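One structure is given here, and the rest of the page talks about it.
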Amino acid sequence: MTAAQTPPSDYRLLVPRDWFRVDLTRERWRHQLKTFVDKESAEAGAPAEASRRVWTSLRNTAEHAVTKGALEFFLKTEAPGGSLLPASLLISMAPTPPGSAPEADDLAEVLTRRAENEADVEVIVLPAGRTVRVRTATTLEFHVRMPGDVGYLHMAFALPLSGSTGPMGDLCDAMAHSLRWVGTR
């Protein structure tokens, strides 16, 4: 392998301090998630039933994501004192045997067919590499091809209140542009 093809050992991503991080690689992630929901519910003065619905929804999302290789879950309350629905970022890795990851253009074609005009799919170049970006009204996904042709890192943003365009969408785009690989030579 040449230096440009060396698989990364890790990644770095700039995430604003006010985004609550849940480490999905550790068993304590449920406690971390519950801490977030309890804190936000108390600050918003939310009824217990609303709190339970949000907790259940976020827990189910995280449990499903863990089975698919999720690594981190970031949460940001969009409306202080208002809705409990947070913006979120779910990061997962889809490793493949070296040489079997599809090219970004091929992945974009598959995702375009799957979206059936429900999403804007395009191939962009981030500092971390060729990336397939998928945008809907309330979601923004980045499928970043990893060096060494060993799969993709997926960043899935959900923006239920603000939507994927405007300042919050721009922030998510900037976060994706901050991605850097660690351990490549």
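The values are calculated or read from the model by the stated rules, or taken from the named source; none is laboratory data. Please read all numbers here as calculations on a predicted model, not as lab measurements. Heads up, the Cβs are rebuilt from the backbone with ideal geometry, glycines too, and the neighbour counts pull from every protein chain shown. When the accessible area is computed, the model is the full protein with side chains, heavy atoms only, and any ligands, DNA or RNA have been set aside. Shrake-Rupley method; radii C 1.70, N 1.55, O 1.52, S 1.80 Å.
Could you say which residue among ALA62, ALA70, ALA87 is of a type in the set (Gly, Ala, Ser) and within 15 Å of TYR152 (Cβ to Cβ)? Spell out how you get there, then give the answer.
Details: ALA62 fails: within 15 Å of TYR152 (Cβ to Cβ); ALA87 fails: within 15 Å of TYR152 (Cβ to Cβ).
Unique residue meeting the criteria: ALA70.
Could you check segment 22-39 and list, in sequence order, the residues that are touching a helix residue (DSSP H, G or I) at 6+ places or on another chain (Cβ under 8 Å) and not in a helix (DSSP H, G or I)?
VAL22, ASP23, LEU24 - these are the residues of segment 22-39 that are touching a helix residue (DSSP H, G or I) at 6+ places or on another chain (Cβ under 8 Å) and not in a helix (DSSP H, G or I).
Regarding GLU27, is this residue open to solvent by 80 Å² or more (accessible area, probe 1.4 Å), among the acidic types (Asp, Glu) and free of Cβ contacts under 8 Å to residues at least 24 places away in the same chain? Break it down into steps so the answer makes sense when it comes.
On the way: open to solvent by 80 Å² or more (accessible area, probe 1.4 Å): yes; among the acidic types (Asp, Glu): yes; free of Cβ contacts under 8 Å to residues at least 24 places away in the same chain: yes.
It is true that GLU27 is open to solvent by 80 Å² or more (accessible area, probe 1.4 Å), among the acidic types (Asp, Glu) and free of Cβ contacts under 8 Å to residues at least 24 places away in the same chain.
List pairs: first residue in segment 42-62 and within 15 Å of THR77 (Cβ to Cβ), second residue surrounded by fewer than 18 Cβ atoms within 10 Å (Cβ to Cβ) anywhere in the structure, Cβ distance under 7 angstrom, at least six positions apart or on different chains.
GLU43/GLY81; ALA44/GLY81; ALA44/GLY82; TRP55/LYS34
What number of residues in segment 171-185 are charged (D, E, K, R) and either in a strand (DSSP E or B) or modelled with pLDDT of 95 or more (or both)?
Just the residues of segment 171-185 that are charged (D, E, K, R), to begin with: 173, 180, 185.
Those still in the list that are either in a strand (DSSP E or B) or modelled with pLDDT of 95 or more (or both) too: 173, 180.
Qualifying residue count, segment 171-185: 2.
State all residues of segment 39-49 that are exposed (fewer than 15 other Cβ atoms within 10 Å of the Cβ) and either farther than 14 Å from PHE20 by Cα or at pLDDT 90 or above (or both); if no residue qualifies, say none. Before you say what the answer is, go through the steps one by one.
Going residue by residue through segment 39-49, those that are exposed (fewer than 15 other Cβ atoms within 10 Å of the Cβ) are 39, 42-43, 45, 47-49.
Hits for segment 39-49 are ALA42, GLU43, GLY45, PRO47, ALA48, GLU49.
For PRO167, which of the numbered conditions (1) exposed (fewer than 13 other Cβ atoms within 10 Å of the Cβ); (2) of a type outside the set (S, T, N, Q); (3) over 30 Å from ALA44 (Cα atoms) fails to hold?
Only one criterion is unmet by PRO167, namely (3).
With respect to the numbered conditions (1) open to solvent by less than 40 Å² (accessible area, probe 1.4 Å); (2) within 22 Å of GLY169 (Cβ to Cβ); (3) small (Gly, Ala, Ser); (4) free of Cβ contacts under 8 Å to residues at least 60 places away in the same chain, which one is the sole condition not fulfilled by SER88?
That leaves (4) as the condition not met.
Select from segment 121-164 the residues that are β-branched (Val, Ile, Thr) and assigned to a loop (DSSP other than H, G, I, E, B) and write down the one among them that is most open to solvent (accessible area, probe 1.4 Å).
Step one: of segment 121-164, the residues β-branched (Val, Ile, Thr) are 121, 123-125, 131-132, 134, 136, 138-139, 144, 150.
Checking which are assigned to a loop (DSSP other than H, G, I, E, B) leaves us with 136, 138, 150.
Numbers: THR136: 42, THR138: 61, VAL150: 21 Å².
Step by step, filter segment 121-164, then rank; the result is THR138.
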